[in-house]
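The values are calculated or read from the model by the stated rules, or taken from the named source; none is laboratory data. Please read these numbers as outputs of a predicted model, since none were measured by experiment. Neighbour counts are summed over all protein chains in view; Cβ atoms, including those assigned to glycine, are modelled from backbone coordinates with ideal geometry. These area figures cover heavy atoms from the full protein model, side chains too; ligands, DNA and RNA do not enter into them. Shrake-Rupley method; radii C 1.70, N 1.55, O 1.52, S 1.80 Å.
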Amino acid sequence: MDHRIEHIGSDELADLVDAFNQLTASLEQQKQLRDQWLSDISHELRTPVAVLKGEIEALQDGIRPLEMRYVDGLHDQVSTLTRLINDLHTLALSDSGAKDSDQRNAVTLLDVLSPIVERYELRLKEKSISLEHQLDGNPEIEVFADSKSLQQVFQNLFENCFRYTDENGSVRLSIQESKTEATIIIEDSYPSVPTKALPKLFERLYRVDKSRSRANGGSGLGLAICESIVKAHNGSLNAEHSPLGGLKMVVTLPKSSNDEQ
Ligand SMILES: Nc1ncnc2c1ncn2[C@@H]1O[C@H](COP(=O)(O)OP(=O)(O)OP(=O)(O)O)[C@@H](O)[C@H]1O
Ligand SMILES: [Mg+2]
């Protein structure tokens with residue numbers, strides 16, 4: 001795909017040549033990224049399908065007795081695959097620019113966060129992790145959003161806290177607001193992420209510790225999805241180190257203004 005043009009002179013035509021060559025370079029890079037993505041995702045899908053096939057064959061051949069616990073295991077694996085396929089679908093939709101803007105309206109942050117916080121207070125207890133928040137004391141903040149997508153963002157972030165925080169640790173949710181923006185911070189205790197890995201967290205299929213995240217059922221798509229949803233809402237998502245000793249995720253969303261309603 002080398003369609004670059006030689007320079008002819010230093011006039012307008014030369015500028016045009018430059019622009020054309022830049023476009024070619026960027027298309028080439030996009031093609032490489034797409035090829036890499038396709039090969040990574042095929043691998044990601046092939047592995048669990050191969051495992052599943054092997055286990056079904058073991059049942060067919062009688063190597064494994066047809067017991068309910070094995071069928072339950074197969075069901076768990078199909079559920080994991082379904083989740084992976086749904087995540088890919090979400091990303092494909094956001095790539096194609098399909099936005100469900102008609103489902104957006106003024107949403108109260110507390111309404112989105114409260115059910116998730118309630119769920120994770122219980123879930124984090126399983127690992128003796130405390131969840132600190134002041135949801136009751138926070139003022140009502142409204143953002144212009146699709147509430148299902150926002151729920152998905154916070155659910156993914158809390159699930160990461162659950163998966164990647166050691167037992168007896170802590171998680172903290174805090175909300176700040178300025179005149180135009182709401183900032184939601186979700187941070188946790190040890191382990192953290194190496195500084196140079198912080199910007200990579202949002203790349204598709206990126207996992208800091210592949211074996212640990214895979215064992216947790218992670219495929220490295222959660223944060224890519226969070227970022228694409230937050231960006232589609234004209235907000236931003238950043239990863240930093242937390243003073244609690246782990247990761248700090250900062251979500252900023254524009255507040256709902258009257259002209260959007
Ligand atoms: N709170 C956290 N603390 C420490 N590491 C984290 C935290 N959140 C994410 N990570 C690291 O970032 C990686 C990417 O996270 P991401 O949510 O995108 O994918 P995942 O959790 O592996 O899989 P998925 O979310 O698709 O099920 C994780 O695999 C983990 O290594
Ligand atoms: Mg995740």
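What tally of residues in segment 91-106 results from selecting those that are assigned to a helix (DSSP H, G or I) and either at pLDDT 90 or above or open to solvent by 40 Å² or more (accessible area, probe 1.4 Å) (or both)?
Total meeting the criteria: 7.
The rows are residues; the columns are (1) more than 10 Å from ligand 1 (Cβ to nearest atom); (2) modelled with pLDDT of 95 or more.
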residue	(1), (2)
Phe154	yes, yes
Asn160	no, yes
Ser213	no, no
Ala232	yes, no
Asp259	yes, no
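Just to verify a result, which residue in segment 177-189, among those that are of a type in the set (Ser, Thr, Tyr) and open to solvent by 30 Å² or more (accessible area, probe 1.4 Å), is farthest from Asp35 (Cα to Cα)?
In this case the residue turns out to be Ser178.
How about segment 28-59: which of its residues are within 30 Å of Asp95 (Cα to Cα) and open to solvent by 80 Å² or more (accessible area, probe 1.4 Å)?
Answer for segment 28-59, where residues must be within 30 Å of Asp95 (Cα to Cα) and open to solvent by 80 Å² or more (accessible area, probe 1.4 Å): Gln29, Gln30, Lys31, Gln32, Leu33, Arg34, Gln36, Leu38, His43, Arg46.
Within the bounds of segment 88-109, is there any residue that is farther than 30 Å from Ser257 by Cα and not assigned by TED's automatic domain parsing to the domain that holds Gln155?
Among the residues of segment 88-109, at least one is farther than 30 Å from Ser257 by Cα and not assigned by TED's automatic domain parsing to the domain that holds Gln155, which makes the answer yes.
So which of Ser147, Ser192, Ser170, Ser174 is surrounded by fewer than 19 Cβ atoms within 10 Å (Cβ to Cβ) and farther than 24 Å from Arg83 by Cβ?
Ser174
For residues that are in contact with a Leu (Cβ under 9 Å, 6 or more places away or on another chain) and among the acidic types (Asp, Glu), scanning just segment 195-229, find the one that is most open to solvent (accessible area, probe 1.4 Å).
Restricting to residues being in contact with a Leu (Cβ under 9 Å, 6 or more places away or on another chain) and among the acidic types (Asp, Glu), the top hit is Glu203.
Give me the pairs: first residue in segment 127-142 and among the aromatic types (Phe, Trp, Tyr), second residue in a loop (DSSP other than H, G, I, E, B), beta-carbon distance under 8 Å, and six or more apart or on different chains, which are they?
Close Cβ pairs (under 8 Å, with a partner that is in a loop (DSSP other than H, G, I, E, B)) do not exist here.
Which strands (runs of 3 or more DSSP E) does segment 107-185 wholly contain that include 3 or more residues that are over 21 Å from Ala232 (Cβ atoms)?
Filter on segment 107-185 gives 130-132, 170-177.
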